[in-house]
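To start, the structure under review is shown below, and the notes come after it.
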Amino acid sequence: MSLWAENTRPNTLDELSLHHQLNDELKTLSRAENIPSLLFSGPVGAGKRTRITLLLKAIYGQTVEKTRTETVEIETPSQKVLSFPVLMSKDHLEINPSTLGIYDRLGIQKILETTGQSQQLDAKAARKYKVLVIHDADNLSRDAMHSLRRAMEKYVLCIRIFFCCVYPSKIIPALRSRTLPLCVPSPSREDIEALLARVAAEKNVEEKAIGKIPEITEACRGNVRRGLFILQAAAADPETKESLSVIGWETVTKTIAEKMRKSPTPQTLLSIRANFYDLLSHCIPPTMIIKSVLMFLLKDETGDRWTEFVSAAAKYETRAQRGGKGIYHLEAFAANVMASVSRKQ
């Protein structure tokens, strides 16, 4: 069974039903002979990747859908060989170099050198340049960002870069000034509810599941993709009485938050460590774990502790992003929060 979040995606810019002003800007860009590098920013599930794909399709046509995945290898200064996947077509490439950690600069340099040295030889090509899409650009190291700044000037004739990120403030000013910013905000509650109702009608969803759409809209927290996942789960089992607001791995972070609030002791910290390891082993990023735990901590919380929790989360999220061992920063965050709880008891 295919995922509704995938098979209900629009096929053209004209089919997009949210953020009409932004869609008009993208249509104008697609008709331009020479477009600048772009910076797509916005929360998860707002539609950034969908718009990037449709813009590429509007520029180059159907060729961008004929993709293949290749593995690129890089050698670190310590002679260690790392590899990362590259999704590519005849006209564009998509990468996520942040998966390389501190070696993301080496991966970017290899891709840019290979792409920049190969000119567009197809005389019938829609454009004389290729597009490099960099996902999770706000997770790149400073070295990688400065390397990109120099590369954008060096390969300006043959490469355009589309950055996709959540927090544009994490992109260095030198890169932001060389791109056209395009913000994709979270849709309104009414827009999400209308979209889910339309998908439910297309998929012939039962009335019981349709009645849960307001609850699903609340549970998805502005994330359209998450909302479609929850709707599909509700349609598969409309009789379930389980809450839709917490799904999958978030039940673990909810348990962690409850432990930290009820029993701020060293024994609890040891127990929480096992929960953190469980989440990390399932490839949940440390920064996402901290945000999820914070969300449950802040429920029914006011006053000084609210401020202390947010401050601790911001501090250790930054450290987790810059560091290599996420478990250290997760434990430090938990210890900091429990110390705050014990002081106020």
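Taking the condition of being touching a residue at least 40 places away in the same chain (Cβ under 8 Å) and crowded, with 18+ Cβ neighbours inside 10 Å, how many residues in the range 142-177 meet it?
Residues meeting the conditions: 16.
Run down F229, F276 and say which single residue is within 30 Å of N204 (Cα to Cα) and of a type outside the set (K, R).
The match here is F229.
Looking at the range 281-331 only, could you name the residues that are touching a residue at least 12 places away in the same chain (Cβ under 8 Å), closer than 21 Å to S141 by Cα and of a type in the set (A, V, I, L, M)?
Passing the criteria: I284, I289, I290, A313, A320, I327, L330.
In the range 267-283, how many are in a helix (DSSP H, G or I) and either outside the structural domain of H329 (by TED's automatic domain parsing) or more than 15 Å from Y328 (Cα to Cα) (or both)?
Matching residues across the range 267-283 total 2.
If we scan the range 87-96, do we find a residue that is farther than 21 Å from K128 by Cα, in contact with a strand residue (DSSP E or B) (Cβ under 6 Å, 6 or more places away or on another chain), touching a residue at least 24 places away in the same chain (Cβ under 8 Å) and not aliphatic (A, V, I, L, M)?
The answer is yes, given that some residue of the range 87-96 is farther than 21 Å from K128 by Cα, in contact with a strand residue (DSSP E or B) (Cβ under 6 Å, 6 or more places away or on another chain), touching a residue at least 24 places away in the same chain (Cβ under 8 Å) and not aliphatic (A, V, I, L, M).
For residues that are within 17 Å of P187 (Cβ to Cβ), charged (D, E, K, R) and at pLDDT below 90, tally how many sit in the range 17-34.
Here the count works out to 0.
Among the residues of the range 1-34, count how many are surrounded by 10 or more Cβ atoms within 10 Å (Cβ to Cβ), on the phi < 0 side of the Ramachandran plot, part of a loop (DSSP other than H, G, I, E, B) and of a type outside the set (K, R).
Count: 9.
Check off (1) within 28 Å of K170 (Cβ to Cβ); (2) in contact with an Asp or Glu (Cβ under 9 Å, 6 or more places away or on another chain) for E331 and give me the number that stays unchecked.
If we test E331 against (1) within 28 Å of K170 (Cβ to Cβ); (2) in contact with an Asp or Glu (Cβ under 9 Å, 6 or more places away or on another chain), just (2) comes out false.
Give the residue, chosen from Y328, Y277, that is among the aromatic types (F, W, Y), over 23 Å from the mean Cα position of the chain (by Cα), surrounded by fewer than 15 Cβ atoms within 10 Å (Cβ to Cβ) and farther than 23 Å from A46 by Cβ.
Only one candidate passes the filter, namely Y328.
The values are calculated or read from the model by the stated rules, or taken from the named source; none is laboratory data. In this text, all values refer to a predicted model and were calculated from it rather than measured experimentally. For neighbour counting, all protein chains shown are included, and Cβ atoms are generated from backbone atoms with ideal geometry for every residue, glycine included.
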